[in-house]
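The values are calculated or read from the model by the stated rules, or taken from the named source; none is laboratory data. Values in this document were obtained by computation on a predicted structure and should not be read as measured data. Note that we place each Cβ from the backbone using ideal geometry, even for glycine, and neighbour counts take in every protein chain shown. Keep in mind that these areas ignore ligands, DNA and RNA; they rest on the heavy atoms of the full protein, side chains included. Shrake-Rupley method; radii C 1.70, N 1.55, O 1.52, S 1.80 Å.
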Amino acid sequence: MTAPITREDLPQWQRALRAQFPIVTGHPELAYLDSAATAQKPQAVLDAVQTYLTTSNANSARGTYTWANRTTELVERTRERVARFLGDDRPERSAVHFTSGTTEGLRTIARDWLPGFLRDGDEIVVPDADHQANITPWLEAQRLLAREGVHVRVLPMPYQSGSGDYDHTALAERAGPRTRFVATTHVHHVYGGDMNVHRCEGGTVNQDWEDRVAALWARFDDHAEEEADEARFRAEVDALVAELPDGSPLGPFEQACAWDSTGRSDKAVPLYREALRRGLADASPYKARRTKIQLASSLRNIGRAEEGLALLAPELVAPSDELDDPVRATLALCLSSLGRDREGTVAGPGRPGPAPAPLPAIDRELRPAARGAAGAAAGVSSAVR
């Protein structure tokens with residue numbers, strides 16, 4: 001059917017559309033609103049099913065007799081039409097698969113396709129306020145992987161409080177280096193509203209901010225010995241933080257790193273704690289773990305190594321990732337400060353001795369911590385940032 005051109009055309013278009021559905025014309029007083037659960041069939045579909053069952057009922061691609069060949073041709077022709085309708089511009093690299101419904105389709109993806117992309121410690125984002133068909137399959141995948149010793153963290157999709165749309169800014173903050181998959185819904189199954197999924201793609205607004213933060217830190221890291229105006233550097237960090245939404249845990253995290261990297265661990269400690277209090281673990285489990293490492297190091301710097309030890313001890317049994325060595329190294333530093341060097345040798349990575357061996361360069365943000373771990377014998381420590 002051709003869509004109505006003007007509002008005046010709409011009533012006639014609706015009457016013509018309803019007339020195609022026998023179950024609707026049989027109950028003209030009703031308005032059916034449950035199509036997301038069960039779609040009613042127009043007469044054309046009912047006729048097609050009847051024709052198929054009475055003229056060529058056979059398995060597709062399983063036989064060579066007339067009925068089977070006719071069914072195979074119908075299925076393949078339908079695949080091509082669906083692909084064209086969906087705008088598939090690379091049909092040679094894609095395929096159309098028919099399932100009994102959305103739930104079965106998503107379960108097939110969750111059980112057969114997604115596990116191959118996930119490793120221990122990875123994360124997936126699930127919209128827990130969406131239809132169960134877009135929730136349950138991903139939780140099933142998590143349980144199946146757990147049976148094989150692969151522990152995947154499920155993060156809840158953030159929603160905007162007013163519109164109910166996905167909160168793309170909060171999503172960009174929540175997704176971290178271990179986030180491998182985000183489940184979304186184009187149209188809400190109850191309200192019929194467009195969830196504006198396109199705004200979630202790539203996290204462009206937040207990525208621009210992250211790029212500018214990275215550039216600022218790169219300038220600081222490359223010229224740390226020449227940085228005369230530390231206050232100016234912290235002011236630039238504050239200016240970037242001011243662009244974030246109110247209550248963002250990334251703000252105090254970046255500010256804490258700035259104070260720590262300019263030699264003021266005492267100023268950094270309350271800001272690290274504030275970042276964790278604001279829910280940094282929900283926004284980015286990876287950054288939350290990094291924050292705990294940096295906070296423990298800062299606590300040690302100001303003579304509170306016991307608190308740093310208590311903070312990091314649970315991280316020894318947390319899901320493994322590239323922060324494992326910094327965790328053990330910082331624990332060894334805390335133990336050394338407490339006069340428990342023998343325990344520090346066990347906790348720290350690398351070769352025997354009271355000081356942990358140098359850590360591998362993980363990324364820009366971990367280089368200072370690696371230097372701090374390598375200099376533990378001389379009492380050197382610095383922020384992970």
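Pick from region 1-12 the residues that are surrounded by 10 or more Cβ atoms within 10 Å (Cβ to Cβ) and under 42 Å from the mean Cα position of the chain (by Cα): which of them is modelled with the highest pLDDT? Can you show your working first?
First pass over region 1-12, keeping only residues surrounded by 10 or more Cβ atoms within 10 Å (Cβ to Cβ): 4, 9-12.
From what's left, under 42 Å from the mean Cα position of the chain (by Cα): 4, 10.
Numbers: 4: 68, 10: 87.
If we take residues in region 1-12 being surrounded by 10 or more Cβ atoms within 10 Å (Cβ to Cβ) and under 42 Å from the mean Cα position of the chain (by Cα), then 10 is modelled with the highest pLDDT.
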Open item on the list: What's the total number of residues in region 259-295 that are aliphatic (A, V, I, L, M) and touching a residue at least 40 places away in the same chain (Cβ under 8 Å)?
Closed with: 3
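Identify, from the list 109, 124, the residue that is open to solvent by less than 60 Å² (accessible area, probe 1.4 Å) and within 21 Å of residue 188 (Cα to Cα). Before the answer, list the steps.
Numbers: 109 fails: open to solvent by less than 60 Å² (accessible area, probe 1.4 Å).
124 is the lone residue from the list that is open to solvent by less than 60 Å² (accessible area, probe 1.4 Å) and within 21 Å of residue 188 (Cα to Cα).
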Task: Conditions (1) free of Cβ contacts under 8 Å to residues at least 40 places away in the same chain; (2) open to solvent by less than 40 Å² (accessible area, probe 1.4 Å); (3) assigned to a loop (DSSP other than H, G, I, E, B): number failed by residue 145 - done: (3)
- [ ] Please name all residue pairs, on different chains or six or more residues apart, with Cβ atoms under 6 Å, provided the first residue is in region 159-182 and is under 18 Å from residue 287 (Cβ atoms) and the second residue is hydroxyl-bearing (Ser, Thr, Tyr) and not in a loop (DSSP other than H, G, I, E, B).
- [x] 167/159; 176/286; 177/286; 178/286
Task: Odd one out for residue 184 among (1) open to solvent by less than 40 Å² (accessible area, probe 1.4 Å); (2) at pLDDT 80 or above; (3) under 17 Å from the mean Cα position of the chain (by Cα) - done: (1)
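Tally time: how many residues in region 296-311 are in a helix (DSSP H, G or I) and free of Cβ contacts under 8 Å to residues at least 60 places away in the same chain? I'd like the intermediate steps shown before the answer.
Here is the first cut: in region 296-311, the residues in a helix (DSSP H, G or I) are 296-301, 305-311.
Filter once more, keeping what is free of Cβ contacts under 8 Å to residues at least 60 places away in the same chain: 296, 299, 305-311.
Within region 296-311, residues that are in a helix (DSSP H, G or I) and free of Cβ contacts under 8 Å to residues at least 60 places away in the same chain number 9.
Against the definition (charged (D, E, K, R), modelled with pLDDT under 50 and either assigned to a helix (DSSP H, G or I) or crowded, with 16+ Cβ neighbours inside 10 Å (or both)), how does residue 365 come out, yes or no?
Values: charged (D, E, K, R): yes; modelled with pLDDT under 50: yes; either assigned to a helix (DSSP H, G or I) or crowded, with 16+ Cβ neighbours inside 10 Å (or both): yes.
So residue 365 fits the description; yes.
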Open item on the list: For region 277-286, which positions are part of a helix (DSSP H, G or I), in contact with a Pro (Cβ under 8 Å, 6 or more places away or on another chain) and open to solvent by less than 50 Å² (accessible area, probe 1.4 Å)?
Closed with: 280, 283, 286
Task: Pick from region 58-100, criterion touching a residue at least 12 places away in the same chain (Cβ under 8 Å), more than 27 Å from residue 133 (Cα to Cα) and assigned to a loop (DSSP other than H, G, I, E, B), ranking: most open to solvent (accessible area, probe 1.4 Å) - done: 59
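Mind counting the residues in region 267-276 that are touching a Pro at 6+ places or on another chain (Cβ under 9 Å) and not hydroxyl-bearing (Ser, Thr, Tyr)?
Count: 6.
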Open item on the list: Looking for something assigned to a loop (DSSP other than H, G, I, E, B), in contact with a helix residue (DSSP H, G or I) (Cβ under 9 Å, 6 or more places away or on another chain), among the β-branched types (Val, Ile, Thr) and without any contact (Cβ under 8 Å) to a residue 40 or more places away in the chain - is there at least one such residue anywhere in region 105-124?
Closed with: no
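So which residues in region 38-50 are without any contact (Cβ under 8 Å) to a residue 12 or more places away in the chain, assigned to a loop (DSSP other than H, G, I, E, B) and either surrounded by 11 or more Cβ atoms within 10 Å (Cβ to Cβ) or not β-branched (Val, Ile, Thr) (or both)?
Restricting attention to region 38-50, the residues satisfying the condition of being without any contact (Cβ under 8 Å) to a residue 12 or more places away in the chain are 38-39, 45, 47-50.
Pick out the ones that are also assigned to a loop (DSSP other than H, G, I, E, B) and you get 38-39.
Residue satisfying the conditions is 39 alone.
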Open item on the list: Of all residues being in a loop (DSSP other than H, G, I, E, B) and modelled with pLDDT under 90 in region 126-142, which is farthest from the chain's Cα centre (by Cα)? Just the residue, please.
Closed with: 131
